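The structure appears below as structure tokens.
The values are calculated or read from the model by the stated rules, or taken from the named source; none is laboratory data. Keep in mind that this is a model prediction, so the values were computed, not measured. Here the Cβ positions follow ideal geometry from the backbone for every residue, glycine too, while neighbour counts run over all protein chains shown. Only protein heavy atoms, including side chains, enter the accessible area calculation; ligands, DNA and RNA are left aside. Shrake-Rupley method; radii C 1.70, N 1.55, O 1.52, S 1.80 Å.
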Amino acid sequence: MIRGELYMGSGAELSGEHLNSVRLCREYNAIDPVEKGKRSEILKELCPVQGDNVHIEGPFFCDYGYNIHFGNNVYINYNCTILDVTTVTIGNDVLIGPSVEIYTAAHPVQWKQRATRIEFGKPVFIGNNVWIGGNTTICPGVSIGNRTIIGAGSVVTKDIPDDVIAAGNPARIIKRLDTEYSL
């Protein structure tokens, strides 16, 4: 699964790991936000590969959690879903708006193969100093470059380079940013 090969998600091992993730997400989402230590503890159990200062507003949902790798200073707003059947790497100093969905899970194009319920995954990479606007969907296999902004409501189907603003469905580059860009 992690290597992007075809797999059966309903197998005993993966079903157990998924149920553990569902349990941890439910527990995380139910904790009072003022109990930051307890929330941090559960988030580290769910997503053990993380830097310092990772904050996720609930509700948060993921398939497994252990495939999500957070850098330092990551903020994820309300109602995020990450389907992490393979690696999702989120860099340092990343802001993710509300209701963002990040998908690594995919299904075969041929209907006979798809009918068997096998699936596969393609990793997602989000660089450093990225801002992803609310209600954005990031599709399997996408890389988003450093210092890039993804406009709200976008559907990111292809790689987006460093230092741009991209938006739309499908997301496309609408502006190049220089290092001194400001409002």
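Sorted on the mean count of surrounding Cβ atoms within 10 Å across their residues, most packed first, peptides 136-144, 8-16 read 136-144, 8-16. What you get for the chain, charging only the Cβ of Lys and Arg (+1) and of Asp and Glu (-1), is a dipole of about 560 debye around the Cα centre.
What Kirkwood hydrodynamic radius do you get for the range 1-98 when you take the inverse of the mean 1/r over all pairs of distinct Cα atoms, in Å?
Taking the inverse mean of 1/r over all distinct Cα pairs, the range 1-98 comes out at 13.8 Å.
Calculated [222 nm] ellipticity per residue, helices only, for the chain: -6000 deg cm²/dmol; basis is -39500 (n - 2.57) per DSSP H run with n ≥ 4, divided by all residues, nearest 500.
Pairs of lysines in the chain whose Cα atoms sit within less than 27 Å of one another amount to 6, provided the residues are eight or more positions apart or on different chains.
Could you give the accessible area per residue of the range 64-161, probe 1.4 Å, as a whole number in Å²? That works out to 42 Å² for each residue.
Determine the gain in length on full extension of the stretch N72-I174; use 0.36 nm per residue of separation and subtract their C-alpha separation, reporting nm with one decimal.
Numbers: separation 102, 0.36 × 102 = 36.72 nm, distance 2.80 nm.
Using 0.36 nm per residue and subtracting the Cα-Cα distance, I get 33.9 nm.
Which whole-number percentage describes the relative contact order of the chain, with Cα contacts under 8 Å and a sequence gap of 6 or more? Taking the mean separation of contacting Cα pairs over the length of the chain, I get 15 percent. Taking θ = phi - 60°, what integer Hz values does the Karplus form 6.51 cos²θ - 1.76 cosθ + 1.60 yield along the range 15-20, in sequence order, with x for Gly and Pro? For the range 15-20, the Karplus-derived couplings read 4, x, 5, 5, 4, 4 Hz, x marking Gly and Pro.
Antiparallel DSSP bridges in the chain: what percent, to the nearest 5? For the chain, the DSSP antiparallel bridge percentage is about 20. Within the set (i) 9.8; (ii) 10.9; (iii) 13.8, the number that mean projected area of the Cα convex hull in nm² takes when calculated for this structure is listed as (ii). Under the simplified labelling scheme, the I2-S40 pair shows an inter-label distance of 2.6 nm, with each label point 7 Å from Cα along Cα→Cβ.
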